[in-house]
Structures are given as C-alpha cells and as structure tokens.
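The values are calculated or read from the model by the stated rules, or taken from the named source; none is laboratory data. If you're wondering where the values come from, they're calculated on a predicted model, not measured in any experiment. With ideal geometry, Cβ positions are generated from the backbone for all residues, glycine too; neighbour counts draw on all protein chains shown. For the accessible areas, the whole protein counts, side chains as well, though only heavy atoms, and no ligand, DNA or RNA atoms are used. Shrake-Rupley method; radii C 1.70, N 1.55, O 1.52, S 1.80 Å.
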Amino acid sequence: MLLDTEQNKGKQYPVPDNTHATSSASALQQPPPTFEESAGDHVLQFSQDETFTPVGGEEPPPFVPYDAHFFTSHSGDIISHDPHLNDDGEALYRFLLSQASTSPAVILRCRGSHSETRTRMVQNGPSMKTEQYTARTTDFEFCIDVGQHIVGDPTHWSCADTTPAYRGRMYQEVGICEEKQKAKRSEIKAANLWDSERSRRGFPPWIGSDYAWREDQPYIMHTNSVLKSSWTLRQWADDYCASRKYLKEFNYRKIAYGWNFEAIKVAAISVINSTHYRGDLSVEFETSESLVSVRSHNYLSRALSNRWIKFLLFLTLIYPFIWLFRRFHPRGGGRWDVCGGAYALKRIEQAAPAQQFPDVVHSENPFRDTVEVLDATAQSSSMVRSPGGRIKVAGLREGEWFRQWEGTIRRAVLNRLQEAQPLTTPDDQPAPLSLLLDGY
C-alpha cells in the first residue's frame, strides 16, 4: 500500500480546461427550477382532483353543526335536556342562536261575555222542584295575529349588572362573579314594576327605568347598547355549563317590542264600546312560543318537565321536599335568566343619504302626478327628521295597523264572532284572485 501511494504521487494527471471547469461550477450554482417549470415537465404529472389519503385511512368528514334534542311544550316553549348542551358552552350558544331565528307568537284576543240566570228542574225526593242558577255565556271571542308583522332579525340583549335577575342561584342577584350579592326586596319590586310598565308601552327590554324622554328619543331607544351585562351571552353559557348543580336551567326569553300595546288596547275597547256592547269585556295581548329553556339531563329534571308527573308529585306530597332540596342545597338548583332576544314590530333606523338622480320627465305617462303624490306621502310617513339626521321607520306602525283592523273588530263584535284560529287579514280587503280581473 505504501508503494502504491508513492507511485501515485509520482504520476501527473492532465488538468482540465479552465473554460469547462468554470461552466461546470456555474451550473452547480444555478437555483432549482420553479414550481411552474417543474409542472411543465412530461415526467411529472400533477392532478388537481387527486388528494392525499393516508394508507388505510379515510378523508375527514365535513363539519356539521350539532343537532340537539328538544321538545315543544303545550304552550309552544322549547325545552331541551340534551347532555351536550349542559357541558359545552359553544354548543349551548349555537343552540340559542338557532332557536332565536323563530319569532314568538303575539295575538290580540278580544272576548265578551255576560252572566245570566237560568232555571232548571231538579229532583227533591219523590217530587221535582225548580231552582235557579247563574251561567256564564260567551258573546264573542276572536284573536288577531300580530306576530306576523315582526320585521328584521332579533336583537340579543342582556340584563344590566345592577338589575335583579337569576344568575345561577334560586334567588335574584345583582353583579357578576365574586361581586354577586342577593338583591334587596325593594330592588326586586322596583324592577318588576318597571318591567310591567315597559311591556305595556312597548319599550325594548334593554331600556331601564332611568330612561328619560329626549328630543331624539326614537332613534336613541333603538340604537343604545343592548348588551348591558359585563358578560357576553357566550360567557353566561360557559358559566352555566361549568355549574355542577343537579337541577339547573338556562332560560332565553323572546320579547316583542315597538308598539304601544296599552294604547292599542284602549283603542280596541273604544271601538267595541261604540257598538253599544255592555257585557264584560276583555282585551289582552298574549305571547306564546317565547321561551327556550335548557335543563339538566338527569331523570329528576326530565320528570319535572312533564306536567303530569309534576301533578302526581304534588298529590303525593313529594314535590315540597324536591323544592326544598332545589332551593337550599348547595348543589340543588340554579337558574340563569339574564338574556334573550328582542323582536321589533316597529324599528327606528338611520336613513341612508338620499341619492341624486337626473330629472327625467315622461310627459306621456298619465299617472305621473299620482305617483309623485304617493311618493311624497310615503316619504313623509316613513321618514322623520332628528338632530342626528334623517331616520326612517321600518315595519308597520300601530296606527296604520289599527286603521286596517278597526272595521273588522267592529263587525266581529256585531256578528258575535267566535273563532279559535287567529285572524290574519282584515275582512274588508279584496280577495287576492279578484285583483287579477281586468278593470277591478
């Protein structure tokens, strides 16, 4: 080996030309081809339709929203005992958003009745005798569908931290987190009085008792911050799911607003009195399908959601002990009733700047003057000027609605109408098919 090495040292190898050496070195220093250049090579075949799938595996399934189990009560409320909704705050939040897309049912029910004395024959031993009794007779009863006039999407709202509400315990509290404390009786009474007043006047649920009349009142009322709580709806959902209480429930309430319901009731009573009806009269707004309730998924909670089982528990005197456990035990019961959805029958919105169009005059149009008058009337009725600019009314105003239904209410009372299904259209409107007739 040493000999071979010495012989190799003595040999002289030819040195390559400098030109070829330089070209080889420069070729080694060139950057790699781009992706587009590689894709054009006939050896490499790229297919956009082909996807990589691991050996022995399958493609991941597409994302599908969780479909929670629920049922509808006799009053139309949504009740769910789904276990996933009690453990996952995101699933509970998504479930509430999906159920909020369905608006509540609002009707105006008019009922008239009177008491009359009747006579009947009853057996008194071997003989018969006459006795008098008092019976209640319904003169008319009908309802009008008001919920069909709800406009737009719901607005999610929450109670203010200073408002008494159920925040995880079986009594009303104020504050959040560690600052929560039991609400005083005077605070609860004042909140209930304002809630009743707010409902009668048709104010949104986020309007508090400290609300004062302002010159720009309609616009401010509908544009104020609606999430009064320091926590979002998702945070309240997480707080509910983190609780380990045995009989807990999370309530999401749907409230219709925008109309002065008390003024409509007074106007309806005046129309009925104009027919010289002198019986006992009842005119009330009724709301149904207005609650989404998520409750614990144990057997006791499911049993309490069944009104027949609950009635049997009352008869057997078992329910009082359940109430005591739910009210006083640390892991008994808890309620979350701090948020909901608001559904507008009439909404005040900021009007967009008026667009300028070139003046085009069609002298041959015979309805030109009529169209101009109708446009001016529509703009004056739906547009209102405020310090912040022009605002518009979205939806049907209560005065316009009552003008449409005033004659129907009067005729229904005179004809002693008794109808269980809500009326959806006034009786003096033309039939849809008659509008297709030429010359109607």
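General observations
- Residue within the stretch 57-76 that is at pLDDT below 90, open to solvent by less than 100 Å² (accessible area, probe 1.4 Å) and over 27 Å from Leu233 (Cβ atoms) present: yes
- Residue in the stretch 122-163 that is farthest from Gln421 (Cα to Cα), counting only those that are open to solvent by less than 50 Å² (accessible area, probe 1.4 Å) and part of a helix (DSSP H, G or I): His149
- Going through (1) surrounded by fewer than 12 Cβ atoms within 10 Å (Cβ to Cβ); (2) more than 27 Å from Lys248 (Cα to Cα) one by one, Ser186 falls short only on (2).
Rundown of residues vs (1) open to solvent by less than 40 Å² (accessible area, probe 1.4 Å); (2) in contact with a strand residue (DSSP E or B) (Cβ under 6 Å, 6 or more places away or on another chain); (3) under 16 Å from Phe261 (Cα atoms), yes/no style:
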position: Ile391; (1), (2), (3): yes, yes, no
position: Phe402; (1), (2), (3): yes, no, yes
position: Ala412; (1), (2), (3): yes, yes, no
position: Asn415; (1), (2), (3): no, no, no
position: Gln418; (1), (2), (3): no, yes, no
position: Pro430; (1), (2), (3): no, no, no
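- Test result for Val292, in contact with a helix residue (DSSP H, G or I) (Cβ under 6 Å, 6 or more places away or on another chain), farther than 30 Å from Gly399 by Cα and part of a strand (DSSP E or B): yes
- Conditions (1) open to solvent by less than 50 Å² (accessible area, probe 1.4 Å); (2) among the hydrophobic types (A, V, I, L, M, F, W, C); (3) not in a helix (DSSP H, G or I): number failed by Ala91: (3)
- Test: Leu85 is in contact with a strand residue (DSSP E or B) (Cβ under 6 Å, 6 or more places away or on another chain) and either within 24 Å of Arg295 (Cα to Cα) or open to solvent by 50 Å² or more (accessible area, probe 1.4 Å) (or both): yes
- Across the stretch 290-321, the number of residues qualifying as without any contact (Cβ under 8 Å) to a residue 40 or more places away in the chain and either of a type in the set (Val, Ile, Thr) or open to solvent by less than 50 Å² (accessible area, probe 1.4 Å) (or both) comes to 6.
- Residue that is farthest from Ala344 (Cα to Cα), among those in the stretch 167-179 that are open to solvent by less than 50 Å² (accessible area, probe 1.4 Å) and touching a residue at least 60 places away in the same chain (Cβ under 8 Å): Met170
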